[in-house]
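*Asks:* Got a structure for you, questions after.
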Amino acid sequence: MKLLVFFALIGLSLSGSLVMIQLINNKKRGTVMFYTIFFNLVILGLGSLWWFWTETDGISQGIRVMIYFGSFIGISLLDLIVIFVRDSFQKSGHF
């Protein structure tokens, strides 16, 4: 069950940030990126704390927290790409 929650938090972070990009109607890329990074940091940061407190094995703690960190970096890069692609489509009038 803990493993399901572990991966569900990564999915929640990814889907929540992509939905947030679509819902924020601000044309400034930096503002949208700030909100998505903050959202990911809160979700994955709390998930890291939860995993660190509930798991007793030190190696498992370190590996899973590093997986959350890698997920944070990957989701942030994906968000950045989506923001730039969305803005380029809006400027060209195709979106």
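*Asks:* For residues that are surrounded by 15 or more Cβ atoms within 10 Å (Cβ to Cβ) and without any contact (Cβ under 8 Å) to a residue 40 or more places away in the chain, scanning just the range 56-66, find the one that is nearest to K91 (Cα to Cα).
*Replies:* Only one residue fits best here, namely V65.
*Asks:* Looking only at the range 67-95, which residues are farther than 14 Å from L9 by Cα, β-branched (V, I, T) and open to solvent by less than 40 Å² (accessible area, probe 1.4 Å)?
*Replies:* Across the range 67-95, the qualifying residue is only I83.
*Asks:* Could you say whether any residue in the range 17-40 is part of a helix (DSSP H, G or I) and farther than 24 Å from D87 by Cα?
*Replies:* Looking for residues that are part of a helix (DSSP H, G or I) and farther than 24 Å from D87 by Cα, one finds none in the range 17-40, hence no.
*Asks:* Something else: Within the range 1-48, can you find the residues that are over 15 Å from the mean Cα position of the chain (by Cα) and open to solvent by 80 Å² or more (accessible area, probe 1.4 Å)?
*Replies:* M1, L3, L4, L23, N25, K27, K28, R29
The values are calculated or read from the model by the stated rules, or taken from the named source; none is laboratory data. Treat the numbers as computed from the prediction; the structure is a model and nothing was measured. Cβ sites come from the backbone with ideal geometry, for glycine too, and all protein chains shown count toward neighbours. Note: areas computed on protein heavy atoms with side chains; ligands, DNA, RNA excluded. Shrake-Rupley method; radii C 1.70, N 1.55, O 1.52, S 1.80 Å.
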